[in-house]
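Please treat every number below as a calculation from the coordinates, not as lab data. A quick note: this is a predicted structure, and the numbers were derived from the prediction, not measured. FYI the Cβ positions are ideal-geometry reconstructions off the backbone, even for glycines, and counts take in every protein chain you see.
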Amino acid sequence: MNNTFRSFNPNSFNNPEKLPQSQEERDEWLKADREFWENNPMRYDWHDGIERKEFTKEFYDEIDKRFFENVKPFAPWKNIPFDDLIPFNELRDKKVLEIGVGNGSHAQLLSQYCADYTGIDITDYAIKSTSTRLKINKLNGNILQMNAEEMKFENNSFDFIWSWGVIHHTANTFNVLKEMNRVLKPGGKAVVMVYHRGWFNYYLVGFLFLGLLKGDIFKTKSLHKTVQNFCDGALARFYTPSSWEKFVSQYFRVEKTFINGNKAEILPIPASGIKSKLLSIIPDSVSRFMTKNLRMGSFLISRMNKK
């Protein structure tokens, strides 16, 4: 969880899988989601600011360095970052869509290995940043400002959809799944990461560390609201493996769902030199066993096929 406090915390968003109950509510949540990410783009600079000039090659290299350093302990790759999740060798003649491009780390990877890459995002910042990144690196791709709940693509447009930590923040995640199904070709595949509502990352850390030790639960009187106060996005949904698979079942067949998470999650204490030292002592294989096998991680990752 990211220690990002948000000014938006609607009383109507009162459970971890809640969907909007009206168009007015959905529009309010969409506005808040867009404003949050416009003002808090994902740069992996929560603890140490990025001193590189924004929108330069050095800026993007530093973002990737931080991002991939976080990823490697729980998802080590053979040749390319994320090659245990993204079937790069199958994408040479495929059309790929990414939902939520952020600062373009995945856009740079995917655009090199597929026939046609399109990335969408709701913020001006993400469109500018990812477009600039691709231009600097002389890579081709279509970067479009678009709401994933209302995609402007024809039916059956893409072979593969990738989305990492995005669609659980949207105003209505169900609408995104419906649109993903529509724009995927018959036999199309998707890999999606959403937040996991697990015994450790959500209940234990949420109640004991965020709720009691930080005292937030005495203000909110709700574990759900306390967790929301300490995670990123204007709002964030959390799913169990069974609730997620049931949720997506109308549009997708889930091939595999598994849990993982950043190594730092196994020590839910503030970032510090001591925490860094302790984490460096713990072998990556041990942290993977804890986040994955013991289901302590906050990432719920699914490989899905269009129905």
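So what does the Cα-only Debye profile of segment 168-307 read at q = 0.10, 0.11, 0.19 Å⁻¹, as log10 I(q)/I(0), no solvent term?
Debye output, listed in q order: -0.40, -0.48, -1.12.
Mind checking segment 200-298 for trypsin sites (Lys or Arg not before Pro) that DSSP puts in a loop (not H, G, I, E or B) and that have at most 11 other Cβ atoms within 10 Å?
On the way: sites: Lys214, Lys219, Lys221, Lys225, Arg237, Lys246, Arg253, Lys256, Lys263, Lys275, Lys277, Arg288, Lys292, Arg295; in loops: Lys214, Lys221, Arg237, Arg295.
Loop-located and lightly packed - Lys221.
Gain in length, Lys53 to Asp93, computed as 0.36 nm per residue apart minus the alpha-carbon separation, to one decimal in nm?
Full extension of this stretch gives 10.8 nm more.
How far is the Cα center of segment 23-81 from the Cα center of segment 127-189, in Å?
So the separation of the two Cα centres works out to 17 Å.
Quick one: what do you get for segment 26-158 if you divide its Cα Rg by 2.2 N^0.38 Å?
Rounded to two decimals, the normalised Rg is 1.08.
So if we plug the beta-carbon distance of Lys78 and Ile282 into 1/(1 + (r/R0)^6) with R0 = 22 Å, what FRET efficiency do we get, rounded to 0.05?
0.45
So, counting K/R as plus one and D/E as minus one, what does the shell of residues with Cβ under 11 Å around Phe238 add up to?
Charge balance near Phe238 sits at +2.
Give me the compactness ratio for the chain, meaning the Cα radius of gyration over 2.2 N^0.38 Å.
On the way: Rg = 18.7 Å, N = 307, 2.2 N^0.38 = 19.4 Å.
So the Cα radius of gyration is 0.96 times the expected 2.2 N^0.38 Å.
Calculate the FRET efficiency for Phe289 and Thr220 from the Cβ-Cβ distance with a Förster distance of 35 Å, rounded to the nearest 0.05.
FRET efficiency, Phe289 to Thr220: 0.60.
Go ahead and run the numbers for FRET between Ser22 and Phe209, Cβ-Cβ distance against an R0 of 35 Å, rounding to 0.05. Kindly include the intermediate steps, with their values, before the conclusion.
Numbers: r = 35 Å, r/R0 = 1.00.
E(calc), rounded to 0.05, equals 0.50.
Pick out, in residue order, every one of the chymotrypsin sites (Phe, Trp or Tyr not before Pro) in segment 1-98 that is DSSP loop and has at most 16 other C-beta atoms within 10 Å; say none if there are none.
Passing both the DSSP loop test and the Cβ count: Phe5, Phe8, Trp46, Phe55, Trp77.
Restricting to DSSP loop positions (anything but H, G, I, E, B) with no more than 12 other Cβ atoms inside 10 Å of their own Cβ, which trypsin sites (Lys or Arg not before Pro) remain in segment 74-161?
Lys78, Arg92, Lys138, Lys152
Is it possible to state the helix-based mean residue ellipticity at 222 nm for the chain, with each DSSP H run of 4+ residues giving -39500 (n - 2.57), the sum divided by total residues, to the nearest 500 deg cm²/dmol? What is it?
Rounded to the nearest 500, the figure is -9500 deg cm²/dmol.
What does the charge add up to near Ile269, with Lys and Arg as +1, Asp and Glu as -1, over the other residues with Cβ less than 14 Å from its Cβ?
Spelling it out: positives minus negatives among the neighbours equals +3.
Quick one: which of Lys185/Lys292; Lys78/Lys263; Lys95/Lys263; Lys31/Lys277; Lys94/Lys263; Lys225/Lys292 span more than 29 angstrom between C-alpha atoms?
Long pairs (Cα-Cα over 29 Å): Lys185/Lys292; Lys95/Lys263; Lys31/Lys277; Lys94/Lys263.
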